[in-house]
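Q: Below you'll find the structure I mean.
Values quoted throughout were computed directly from the atomic coordinates according to the rules given, and no laboratory measurement underlies them. What you are looking at is a predicted structure, and each value in this text was computed from that prediction instead of being measured. Counting neighbours? That spans all protein chains shown, and the Cβs are built from the backbone with ideal geometry, glycine included.
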Amino acid sequence: MSDKGTESWGPYPLILAGAAVGVSVIFVVDPRWGGFALGAVIMIAAALRFAGYAGQLAIRSKRTDVTTLAVFGFVLVLTSLLLDNDQLKATILSLFAR
C-alpha cells in the first residue's frame, strides 16, 4: 500500500485476464488446451510473485505464494496434458508403481 491509501494492482489485471481467457477456452474450444493455458497463467503469476511484482498477488509470505502458485499451475498443466494421452498416462503411472 502506498501512503495515499491506494493499492498497487501490479500484474493482477494481466493474470485475471489470462485466467478468464483460459476458462473461456475450457468451455468454448477444448478442456485440454484451456487447462494448459490456465496452468501456464498460474505459473506466470508464480514467476511474477517471485520476481517481486506482487501488487494484489501478495496474499501470504512470498515463499508460500510462489510455492502454492507454482505447484498448482504445474499440476494443472500436467493434468491437462494427461486428458487424452494414454501413452503419457501409462508412463507417469509406471513411475509411481515402483
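Q: Would you please name the residue that is nearest to L76 (Cα to Cα), looking only at residues in the range 24-41 that are hydrophobic (A, V, I, L, M, F, W, C) and surrounded by fewer than 15 Cβ atoms within 10 Å (Cβ to Cβ)?
A: Going through the qualifying residues, I end up with W33.
Q: Continuing with this model, one more query. Of everything in the range 45-75 that's of a type in the set (V, I, T) and in contact with a helix residue (DSSP H, G or I) (Cβ under 7 Å, 6 or more places away or on another chain), which residue is nearest to W9 (Cα to Cα)?
A: I59
Q: Looking at (1) closer than 17 Å to A17 by Cα; (2) out of contact with any Gly (no Cβ under 7 Å at 6 or more places or on another chain), which is the only condition A70 fails?
A: With respect to (1) closer than 17 Å to A17 by Cα; (2) out of contact with any Gly (no Cβ under 7 Å at 6 or more places or on another chain), A70 is out only on (1).
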